[in-house]
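Visitor: This is the structure, below, for whatever I ask next.
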Amino acid sequence: MIISLKYIICFYLSLLAAFTSGNAQKMQSDNGDGTYTNPVIAADFPDPDVILVGDTYYMVSTTMFVFPGVTILKSKDLVNWEYCSNAVPRFDYSKCYDLDSCHRYAHGQWATSMKYHNGKFYLLFITLDEGGFLCTSSKAEGPWEIRKLPKGFYDPGLFFDDDGSIYVTHGYSKISVTELNPDFSPKTKDSLVFTGDIRRGLEGMHVYKVSGYYYLYGTYGGKDGIQVALRSKNIYGPFEQKVVIRDTTPGINFGIHQGALIKTQSGEWWTILFVDSGPFGRFPSLQPVKWIDGWPMVGINGKAVVTHKKPNVGKTYPLRVLPTSDEFNNKTPGMQWGWNHNPDPANWSLTQRAGYLRIKTTRVDSNLRKARNSLTQRPFASYDHKPTVATTKMEIENMKDGDIAGLALFQDPYAFIAVRQTNGSKEIIMVNDGKTIDSVTMNNKMIFLRTIASNSNSKASFEYSFDNKTFRRLGSEFSMRFNLSVFTGNKFCLFNYATRSAGGYVDFDWFRTKFEVI
């Protein structure tokens, strides 16, 4: 009965968050009137590649060191997206993915190329340290098989040609093409086909064949990105280059770049690119494409659109909202969650106590950056610039001396509010950029922790409560950053780590988000 009630509460809160105040756009791009507003997803889904299979669009994005990772979304209309699968449950190719004396922050899975060919889905990606990997499945929902390739390709663009040949484009500033064998080993040497000449950093190429031309669709990256297309009648060139959008208009589309070209069932052309959007990360943006003189020109009159008519896909589909809240009633975390590096499966559970996420301490660690079994998810930004509020209920009576457990915003720097046990006594602490800023003693067996984070002004604060009604602020204001030392957006993080001895545990009853002016 408790689980049923929690499910009902979660469902109600999700609906309330999406539809209160008569403004469904608070959590969703779809305006409900045949238009949408960018970003098409207001959260960290960078380096998108998008394909159409049947009547469904699939998008893959970069998750780097977070697992389950290599997240795939699906949509019927390019506007309303839902989770489909996480193609890589864990990544066991280096002890660094276990946070075993090393880490893979800012490394791990990068810019994935997705294709569908002869009834099979393909995901091709590289990690900067381990090399090239290929994931395959007959269904986007999985299960996926992964295997390491003999050669890795930086920012790969996989392409199956009409004659059965397989190619991959790759490179940074210098773009090469390599033909592959059926087992995806190199069949030829790398052939340099184009050297970026606008500035350094040409990358992220995806390959398309349209009207007899091979198009390489990529970017000169950076916050002020430049999206370009290269074209040639031959896959090996020579290629000519065209800037298809270079928009530095201040606002939500500043520097829009790197992504995929998409043709709808009705023959329309679109592109999903991303924008560096603040501390919450890099948000995908849906833009119309018009072919002019054989070039896929993005936006309208050289500018990216903010609000625009939805793509014509032949039907109208219902609004969908990606989940964020979780009552922890299932045997696995919701697909919005990902562990910071590989988890230790023996030391977390959703079944040892039904309806709760239990996180045990696995070893002694000096700080949150090194702690295993930290569960994270992307914050979503509000379309009307309200802060994002995340709250969790945590039961703490089974902590051990030296344990620190709580709720964080994780990037570089990170900050958190937590309970710390010392000599059998508990106190609430606020840590900002590695330093304990404030503390207060407590005697309760459970606590509510919350953070209020604004992507608009990059500020966050932390609060606690014992009744989920009256919250008290603790510590100082936290200035969030998007730091390339981590290279993913700030994430909400539930954690428990030991500084003296392992074996203690805490139970998280639920995690809920909303948009609110506090």
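FYI, it's all coordinate maths here, none of it is from the lab. Quick caveat: nothing in here was measured; it's all calculated off a predicted structure. Reconstructed Cβ throughout: ideal geometry from the backbone, glycine too, with neighbour counts over all protein chains shown.
Visitor: With 18 Å as the limit, write out which pairs from Lys386/Lys514; Lys370/Lys445; Lys400/Lys426 have Cα-Cα distances beyond it, or answer none.
Guide: Lys370/Lys445
Visitor: Any idea what angle helix 2-19 forms with the longest principal axis of the chain, computed on alpha-carbon atoms, 0 to 90 degrees, nearest 10?
Guide: With rounding to tens, the tilt is 50 degrees.
Visitor: Take peptides 371-379, 330-338, 120-128, 178-186 and line them up by average Cβ neighbours within 10 Å, highest first, as a rough protection proxy.
Guide: So the order, starting with the most tightly packed, is 371-379, 120-128, 330-338, 178-186.
Visitor: What's the lysine pair count for the range 216-364 at a Cα cut-off below 30 Å, pairs eight or more apart or interchain?
Guide: 26
Visitor: I need the peptides 216-228, 473-485 ranked by packing, meaning the mean over residues of other C-beta atoms within 10 angstrom, with the highest value on top.
Guide: 216-228, 473-485
Visitor: Once R0 is set to 30 Å, what does the formula 1/(1 + (r/R0)^6) return for the Cβ-Cβ distance between His117 and Glu240, expressed as a FRET efficiency to the nearest 0.05?
Guide: That gives a FRET efficiency of 0.60.
Visitor: Here is a follow-up. Taking R0 as 45 Å, what FRET efficiency do you get between Thr307 and Asn330 from their Cβ-Cβ distance, rounded to the nearest 0.05?
Guide: The pair Thr307/Asn330 has a calculated efficiency of 0.80.
Visitor: Spelling out what I want: for every residue of the range 101-109, take phi, set θ = phi - 60°, compute 6.51 cos²θ - 1.76 cosθ + 1.60 (Karplus), and round to whole Hz; glycine and proline get x.
Guide: After applying 6.51 cos²θ - 1.76 cosθ + 1.60, I find 6, 7, 8, 10, 4, 6, 10, x, 5 Hz.
Visitor: Based on alpha-carbon centroids, what's the gap between the range 267-315 and the range 187-201 in Å, whole number please?
Guide: One Cα centre to the other: 26 Å.
Visitor: Shifting gears a bit: Give me the distance in nm between label points sitting 7 Å out from Cα along the Cα-to-Cβ direction at Ser485 and Asn443, one decimal.
Guide: So the label points at Ser485 and Asn443 sit 4.1 nm apart.
Visitor: OK, next. If you average the C-alpha positions of the range 428-474 and of the range 243-257 separately, how far apart do those two centres end up, in angstrom?
Guide: One Cα centre to the other: 37 Å.
Visitor: While we're on this one: Per residue of the range 274-287, what does 6.51 cos²θ - 1.76 cosθ + 1.60 with θ = phi - 60° give for ³J(HN,Hα)? Whole Hz please, x for Gly and Pro, Karplus curve as stated.
Guide: With the stated coefficients, the range 274-287 comes to 10, 10, 5, 10, x, x, 6, x, 10, 9, x, 10, 9, 10 Hz.
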